[in-house]
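The values are calculated or read from the model by the stated rules, or taken from the named source; none is laboratory data. Predicted model, so just to flag it, every value in this text is computed and none were measured. Every residue, glycine as well, gets a Cβ built from its backbone with ideal geometry; the counts of neighbours run over all protein chains shown. We work out accessible area using only protein heavy atoms, side chains counted, and drop any ligands, DNA or RNA first. Shrake-Rupley method; radii C 1.70, N 1.55, O 1.52, S 1.80 Å.
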Amino acid sequence: MLVVVVDVSGQTSGQTTAALNLTTSARVGALGSMYLSVNDDDINVAVNNPTLISDKMNNQLSLSYVSLFSGSGYGGVYYGRKVKKWGSFVVGLQYVGYGSFDGYDEDENYEGKFVAADYMMYIGWCRKLCERWRMGASLKPMLSHYESYTSMAVAFDLGVTYKPIKNLQI
């Protein structure tokens, strides 16, 4: 299998949202999040490589949640669907909650509680070009809300995958 990965960054001063760096399942985490070429119809691997979305993901549903410490945690839901003549799609949402915090002003006056969270929507598509070639794309709109501050970002992936002849030896 040939996988080409190109990294393009529009904001280099820091991470926009933590949702991009989190694993989507226990299996992905066990692989060290290095699974770009795992091609076995697992809907969770498609989130970082849309060329791995397949027709076999039709009606697959993935739900995950990880409880961390102090009320923080993250989770996601992903659903796959095959659409005739268009290809296969995966849609989903990922959430990172950092918990509840006490807010104070610069004079240490209590101003109440606030929450901090990141949200990411996922829309991925893949289409088989021929027996060995597939192309895919994904769009990931993101929203971060910390206290009274909100930021938005958009990430996307484009890819092409080539599956070599079985038992090919060089």
Subset tally (residues that are surrounded by fewer than 15 Cβ atoms within 10 Å (Cβ to Cβ) and among the hydrophobic types (A, V, I, L, M, F, W, C)) for region 70-85: 1
Hey, residue 163 basic (Lys, Arg), out of contact with any Cys (no Cβ under 9 Å at 6 or more places or on another chain) and without any contact (Cβ under 8 Å) to a residue 40 or more places away in the chain or not: no
Matching residues, region 92-151, being of a type in the set (Lys, Arg), over 23 Å from the mean Cα position of the chain (by Cα) and assigned to a strand (DSSP E or B): 113
Matching residues in region 152-170 - criterion: being more than 23 Å from residue 40 (Cβ to Cβ), in a loop (DSSP other than H, G, I, E, B) and in contact with a Leu (Cβ under 8 Å, 6 or more places away or on another chain): none
Residue 96 being at pLDDT 90 or above, within 22 Å of residue 153 (Cβ to Cβ) and either touching a helix residue (DSSP H, G or I) at 6+ places or on another chain (Cβ under 6 Å) or open to solvent by less than 80 Å² (accessible area, probe 1.4 Å) (or both): yes
Scan of region 50-69 for residues that are in a loop (DSSP other than H, G, I, E, B) and either open to solvent by 10 Å² or more (accessible area, probe 1.4 Å) or farther than 22 Å from residue 141 by Cα (or both), ordered by number: 54, 58, 59, 60, 68, 69
